[in-house]
């Protein structure tokens, strides 16, 4: 089909441009971003048809896309050729510039709607009308009201709107690492992660469930999309969990929760680690160091939760025949392709390389390793075709995120010119003056709601623009504030009424989506409480005296186990509600980074353990 062939060509060209030009060819920011916007939006228009039920042979829908792509060429060529004029003489746009600006904004919104839905386009239009008509509103929310020409100038004819810093991130290191993830995936990275995890855990009780956790954490850290993570690793792990006897709702919840954790798992954290380093001016290696302790707590809770559930249901380990053989897994062909590029990345970053150059050499190393792991001529030819297809798939993956990033840049720009951010910050600050946790509760709403439909990257960027300044004003540690919104951004995919990540996992498992969501919340309960404790005491992020950090880590890990036992544990029978509440309460208190509160939690948990295991009858009613 013509559409498919054109999509393959433009996505390959897009990915090659993003791989080669940023690190090797000097272009001023506006010019680089103009080409990036053209390629990204054009690819999205082809990748996501106007009406999905209409086949790609339908001419009139193809014609609309071609028309929009032609207009995009003209609009971005206009920016490219007149970039120095925009820098040196802002405000001198013509009627043609205004027309091209309107067309570009509407095309970006349409591409965003096709790729991720209505949430972001609706927000852009809402802010646009607020900028235009805000002077009609009463009280605090009244704005000066801006001329239409000024709004279009700010959004299109400037380096701050469509072509602003968020688009700059998308045009450089974000694109680089999305292509890297596509190369790893195409070379069997997802399957290799699963095989390695099964080899490590298959001999233990509930091995496939534990393999799902390990594989999803590793793959999710790279992929950047929880839904993609579930789709890749879940197709292997969920059927294995069901085969062992785990309920479809539980199997889906394990995969959904573990996949969501990829956004908080070093070394890449779904690209947010790099973005945070860029926002804060902090070395990347420090960011992943801050992420390590809470990540361990999160996965400790999931691991023990599924272990206790497997004990409760009498789930055994995999048979010897079902566990991947050592000689099939621990080979250079599989592990070299997977881990050597990551080692290259970390070494380059530790040596101070810029993210773009580190990403470029990481992609090159991944491609070379994939090409030459087998030296037979036939295999090498096949590998060339596979790498070419992988790079093209990377271009298609970019088509899903570029429209969102550009639209988010428009949102950030409109927030700036309308002055709405200080108003929202003022609301949070007023509440925080009396009750910090109430202010944090309000601050969670934006990332939680956006996270139901969007990946972590745009949710994080919007939260940084809107809400981080408010939390800083009420005394929050700046790094803790950033992590606060990263955590709440990933939780939207597990939380009703949408819970997209859980819905996809439930679909693969054949379970009920709502019950899968609720089970996911119990499995990932640590992630729902830790962000509040980051703000209370950043020692949980490793930001504090070494002794305090150590105590917080140890008590937090113990608290995660206690929470898991409270929700899923049983010993010689079923726990009664009083014991479950006690373990849950004690676990929360042990997670709290305050010595006296932690000791209270330890006391509660130890008291219940003594009652359960040494005082009450083994087959008594308290089981």
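Descriptive notes on the structure:
- Going through (1) over 20 Å from the mean Cα position of the chain (by Cα); (2) surrounded by fewer than 22 Cβ atoms within 10 Å (Cβ to Cβ); (3) farther than 17 Å from residue 261 by Cα one by one, residue 518 falls short only on (3).
- Subset of the stretch 283-315 that is touching a helix residue (DSSP H, G or I) at 6+ places or on another chain (Cβ under 7 Å) and not in a helix (DSSP H, G or I) - its residue that is surrounded by the most Cβ atoms within 10 Å (Cβ to Cβ): 315
- Of everything in the stretch 330-349 that is in a helix (DSSP H, G or I) and without any contact (Cβ under 8 Å) to a residue 12 or more places away in the chain, the residue that is farthest from residue 370 (Cα to Cα) is 347.
- Checked against the criterion of being modelled with pLDDT of 85 or more and farther than 24 Å from residue 64 by Cβ, the candidates 110, 85, 92 yield just one match: 85.
- Among (1) outside any helix (DSSP H, G or I); (2) more than 24 Å from residue 242 (Cα to Cα), the one test that residue 490 misses: (1)
- Among residues of the stretch 76-102, those that are surrounded by 12 or more Cβ atoms within 10 Å (Cβ to Cβ) and free of Cβ contacts under 8 Å to residues at least 40 places away in the same chain, counted: 5
- Condition met for residue 259 (under 21 Å from the mean Cα position of the chain (by Cα), under 26 Å from residue 167 (Cβ atoms) and assigned to a helix (DSSP H, G or I)): no
- Residues in the stretch 297-329 that are under 14 Å from residue 253 (Cβ atoms) and free of Cβ contacts under 8 Å to residues at least 40 places away in the same chain: none.
- Residues of the stretch 31-53 satisfying the condition of being farther than 22 Å from residue 66 by Cα and buried (at least 20 other Cβ atoms within 10 Å of the Cβ): 32
- The listed residue being in contact with a helix residue (DSSP H, G or I) (Cβ under 7 Å, 6 or more places away or on another chain), within 21 Å of residue 359 (Cα to Cα) and at pLDDT below 85, out of 270, 231, 216, 225: 270
- Check on residue 181, within 23 Å of the chain's Cα centre (by Cα) and either assigned to a loop (DSSP other than H, G, I, E, B) or modelled with pLDDT under 90 (or both): yes
- The set of residues in the stretch 103-144 that are in contact (Cβ under 8 Å) with a residue 60 or more places away in the chain, outside any helix (DSSP H, G or I) and farther than 23 Å from residue 422 by Cβ contains only 117.
- Test: residue in the stretch 367-374 that is under 21 Å from the mean Cα position of the chain (by Cα) and crowded, with 23+ Cβ neighbours inside 10 Å: no
- Residues of the stretch 25-34 satisfying the condition of being in a helix (DSSP H, G or I) and free of Cβ contacts under 8 Å to residues at least 60 places away in the same chain: 31
- Exclusive hit being in a helix (DSSP H, G or I) and at pLDDT below 75, set 382, 359: 382
The values are calculated or read from the model by the stated rules, or taken from the named source; none is laboratory data. If you're wondering where the values come from, they're calculated on a predicted model, not measured in any experiment. Every residue, glycine as well, gets a Cβ built from its backbone with ideal geometry; the counts of neighbours run over all protein chains shown.
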